[in-house]
6 protein chains.
Amino acid sequence: MIEQVQEKSGFIPNIFLGLAHRPDEFRSFFAYHDAILERKGNLTKADKEMIVVATSAANNCQYCVVAHGAILRIRAKNPLIADQVAVNYRSADLEPRQRAILDFALKIAKNAEEVEECDYEALETHGLDRDDIWDIGAISAFFALSNRMAHLMDLKPNPEFYTLGRG
Amino acid sequence: MIEQVQEKSGFIPNIFLGLAHRPDEFRSFFAYHDAILERKGNLTKADKEMIVVATSAANNCQYCVVAHGAILRIRAKNPLIADQVAVNYRSADLEPRQRAILDFALKIAKNAEEVEECDYEALETHGLDRDDIWDIGAISAFFALSNRMAHLMDLKPNPEFYTLGRG
Amino acid sequence: MIEQVQEKSGFIPNIFLGLAHRPDEFRSFFAYHDAILERKGNLTKADKEMIVVATSAANNCQYCVVAHGAILRIRAKNPLIADQVAVNYRSADLEPRQRAILDFALKIAKNAEEVEECDYEALETHGLDRDDIWDIGAISAFFALSNRMAHLMDLKPNPEFYTLGRG
Amino acid sequence: MIEQVQEKSGFIPNIFLGLAHRPDEFRSFFAYHDAILERKGNLTKADKEMIVVATSAANNCQYCVVAHGAILRIRAKNPLIADQVAVNYRSADLEPRQRAILDFALKIAKNAEEVEECDYEALETHGLDRDDIWDIGAISAFFALSNRMAHLMDLKPNPEFYTLGRG
Amino acid sequence: MIEQVQEKSGFIPNIFLGLAHRPDEFRSFFAYHDAILERKGNLTKADKEMIVVATSAANNCQYCVVAHGAILRIRAKNPLIADQVAVNYRSADLEPRQRAILDFALKIAKNAEEVEECDYEALETHGLDRDDIWDIGAISAFFALSNRMAHLMDLKPNPEFYTLGRG
Amino acid sequence: MIEQVQEKSGFIPNIFLGLAHRPDEFRSFFAYHDAILERKGNLTKADKEMIVVATSAANNCQYCVVAHGAILRIRAKNPLIADQVAVNYRSADLEPRQRAILDFALKIAKNAEEVEECDYEALETHGLDRDDIWDIGAISAFFALSNRMAHLMDLKPNPEFYTLGRG
């Protein structure tokens, strides 16, 4: 996915440079990233990017909100959705299924210790199975790491991300 | 200011429609808005819009972040600043004076009961006087109201605001 | 309303002095105040003052709790209600309808970004319509502004307010 | 102290009735209460009641704020101080020594796990010794218990407390 | 109970030394402690210690978590339960009745001002009566005090407590 | 490191089973884990485990607190330190350098968006360089992910971990 963005846009996302001096962490970071974002299941690519943007906004991560906001606009073919989800996903134009996905993703991001069986059941009513729910949680968990690393590095989004996909 | 945006862009911001069925509130809302945003002092128009965006983001207000984000990009002649301030003003490209202004504005937005004399003194070291500090606080306070009204109305930003000023 | 208090009590509430050096803000503040507190609907004057006291207490605003606590005692003809609502409205002597009004007012004061359709429906079961709910929200929003302005000015309640209406 | 209030006012504070059916708890509650509130040291009786009111307000305890608010007005010979301390002790008319006492009392009430040596040193600059600091902390801790018991019992303040000491 | 621990283990728990220089507080502290922990009702001794450990962990009290963790392991004849309850009682191996008890105890510890009739009813469905609920609340309230006193004294657990009851 | 624990103790930590059905995530999880926990620098193995225990406790993660608590006791050759750090690292028996490390790790765990240059400087006064600080942040960030995955899986610690290293 990152390669696609890179190819299409002609620039190297700063996260690649930020992690470059730690090759072991670089490799495992992107291997993990691809493992969860490229797995096939009932979540669409737009669903996944929506989780990234919503949880990264809750963690106030400038790099991830701006960079993945761009990818979300492209994946969802919707120039407005990323800013809506970033500011307040509760008032974004979402279907009930998407809203339920983000409610769970945010609970993992902010109060994972309170997740209970009923949270799983709520998602199952939207046709998501246990593997899909793992995916939602795993994306939220991976960006719990990414957002903190971006804060640690004071990582800045490439200027290109701000305008990509705005149509 | 709203008229200028309207004129330049050729659309009526949704806040005008949202308040239209309550003429008394409409009139006093815009009179108040203009009283604080158009007063002359040491704050620039860009400083003021920055306060609006930062505090509205802290209040998760979609309409105000997107609409005033557009105005901030135009006032500051900077296509990136609004998204930076909205996600995390602490990591935005700001001068120390701007950072101090936003620290105070956020304190009024979120913990106004803890404001003390030392907060004023911190701003005075940046060449701001008591009238300027009133302006910072008054803008933050006015958008405490506006953000809550926007949530109450479930007010949506006009699509035009998302792209204005992105250069 | 302010005039009535002033007339009855023979003193000028400090909020008038606090805003006097900013005539434009003074005018729009009181115009807004009257627009929402004097509008006719299903909320009684006591209901409205109860909203002011409960939300101002949640914002730790000394001036508004003490001044509007006095007005609440008078409007409700109840010398105990203001202190009860200020300390913990959940344990005040309230009817279910009043409790529901304050739950909504506090949500606007503290978590307005989480307001959803079900919050409206809860109030409608108590015979309140959409205009009444706007009033509740608008009063809470206006005092979000007022409380912050009072903190900014370090506004002190007139001594008279402490004892008014204690019977 | 309670006896003095009772004698002067001619009523039995509701806390006595609330605990009456549990004689062992009743006895140890009042023994503890007297042990900390009647110990001689550098804290005045007004200082102690101020701690009770400020921490009970932070715990939203209606009974303790109203009942001890009355006692504070009497001890401090100040009809306004209780309401000020209850709504926001930071904006109450306090000397620096009193402010420091309440800052420490509130830290014990709300974030006791963060108390450190520097908190003790801050109080020592105001002429308070380690025994006085124990008293401040012990009063805050005892009302952490009392406030929770009052919530458990849904204890209501006697009407007399609302007006006592208002002069 | 403390005597039993002391007898069995051959050491004096540090809380006895910590309070020794304040004989009045010492006496009322232990009288209160025994009044609530030794009262007969539907709560077992293990239930009571579970409340102590869960609420003390929520208050980050090292002494109470470690000392009462030991007692809980002994009372429950379960070497694992104390660490589970201390880190996250929601994921501990508990029966629904125990879970309901801890939910209520934690509400008293952290948000006592929000306790309402429905919280009582939830416990009654598990066969607990109003006296049992008082006990749950009273234990949580007493350790609200104890935890704060332990923080005030910077009280350290005796090394023996760390290993007692680990089987 | 995990292999060493496994070899010494003769059991397979449940995290291996929990991730086994997702081989790609399994591989990148442990590759990442080893990259940050095995890197050579100025942090000792005990320092690193202390970071894991303190941040996992702040995230209420039963598996990580119990499992890494065991490893910490072994690495630090101290049977008491893990429980102290888990309940309240501020009152644990730590050197100032360790305290500073945990303050930073907790800031990354809980408020990473507030990290600023002065946080780095505070650690440098203890002889830590920028690579060490990256390690502290990266361990905290990695366990932000691990803790959330453990909550997602409702992962239980192996019984062996509870007693390992208690001497």
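The table that follows gives values for the structure above.
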{"quantity": "Scope the range A:89-111; condition over 17 Å from the mean Cα position of the chain (by Cα) and buried (at least 18 other Cβ atoms within 10 Å of the Cβ); matching residues", "calculated": "A:91"}
{"quantity": "So residue C:75, is it of a type outside the set (S, T, N, Q) and more than 23 Å from residue D:163 (Cβ to Cβ)", "calculated": "no"}
{"quantity": "Residue in the range F:154-167 that is nearest to residue F:26 (Cα to Cα), counting only those that are assigned to a helix (DSSP H, G or I) and open to solvent by less than 40 Å² (accessible area, probe 1.4 Å)", "calculated": "F:161"}
{"quantity": "Inter-residue pairs, beta-carbon under 7 Å, first over 22 Å from residue B:89 (Cβ atoms) and within 11 Å of chain F (Cβ to nearest Cβ) and in the range A:53-78, second at pLDDT 95 or above and open to solvent by less than 20 Å² (accessible area, probe 1.4 Å), 6+ apart", "calculated": "none"}
{"quantity": "Elements of type helices (runs of 4 or more DSSP H) contained in the range E:1-88, each with 3 or more residues being within 24 Å of residue E:110 (Cβ to Cβ) and at pLDDT 95 or above", "calculated": "E:23-37, E:45-58, E:62-76, E:81-88"}
{"quantity": "Selection within the range A:112-153 - in a helix (DSSP H, G or I), open to solvent by 10 Å² or more (accessible area, probe 1.4 Å) and of a type in the set (Asp, Glu)", "calculated": "A:113, A:114, A:117, A:119, A:121, A:124, A:131"}
{"quantity": "Residues of the range C:30-52 classified as crowded, with 16+ Cβ neighbours inside 10 Å and touching a residue at least 40 places away in the same chain (Cβ under 8 Å), total", "calculated": "11"}
{"quantity": "Filter pass, residue E:7 being more than 14 Å from chain D (Cβ to nearest Cβ) and either open to solvent by less than 20 Å² (accessible area, probe 1.4 Å) or without any contact (Cβ under 8 Å) to a residue 60 or more places away in the chain (or both)", "calculated": "yes"}
{"quantity": "Verdict on residue C:108 being within 12 Å of chain B (Cβ to nearest Cβ) and assigned to a helix (DSSP H, G or I)", "calculated": "yes"}
{"quantity": "Residue E:166 vs. criteria in contact with a His (Cβ under 8 Å, 6 or more places away or on another chain) and among the basic types (Lys, Arg)", "calculated": "no"}
{"quantity": "Condition check for residue A:88: in contact with a helix residue (DSSP H, G or I) (Cβ under 6 Å, 6 or more places away or on another chain) and among the polar types (S, T, N, Q)", "calculated": "yes"}
{"quantity": "Test: residue in the range D:69-82 that is open to solvent by less than 20 Å² (accessible area, probe 1.4 Å), closer than 27 Å to residue C:58 by Cβ and not hydrophobic (A, V, I, L, M, F, W, C)", "calculated": "yes"}
{"quantity": "Among (1) more than 9 Å from chain C (Cβ to nearest Cβ); (2) of a type in the set (A, V, I, L, M, F, W, C); (3) open to solvent by less than 50 Å² (accessible area, probe 1.4 Å) - the single one residue B:20 does not satisfy", "calculated": "(3)"}
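Results for (1) touching a residue at least 24 places away in the same chain (Cβ under 8 Å); (2) of a type in the set (Ser, Thr, Tyr); (3) at the interface with chain A (Cβ under 10 Å from one of its Cβ atoms); (4) within 16 Å of residue A:141 (Cα to Cα), shown as yes or no for each residue.
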| position | (1), (2), (3), (4) |
| --- | --- |
| F:97 | yes, no, no, no |
| F:116 | no, no, yes, no |
| F:122 | no, no, no, no |
| F:128 | yes, no, no, no |
| F:158 | yes, no, no, no |
| F:162 | yes, yes, no, no |
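The values are calculated or read from the model by the stated rules, or taken from the named source; none is laboratory data. Every value quoted in this text rests on a predicted model; they were computed, and no experiment measured them. Backbone-built Cβ (ideal geometry, glycine too); neighbour counts: all protein chains shown. Surface areas here come from the heavy atoms of the whole protein model, side chains and all, with no ligands, DNA or RNA. Shrake-Rupley method; radii C 1.70, N 1.55, O 1.52, S 1.80 Å.
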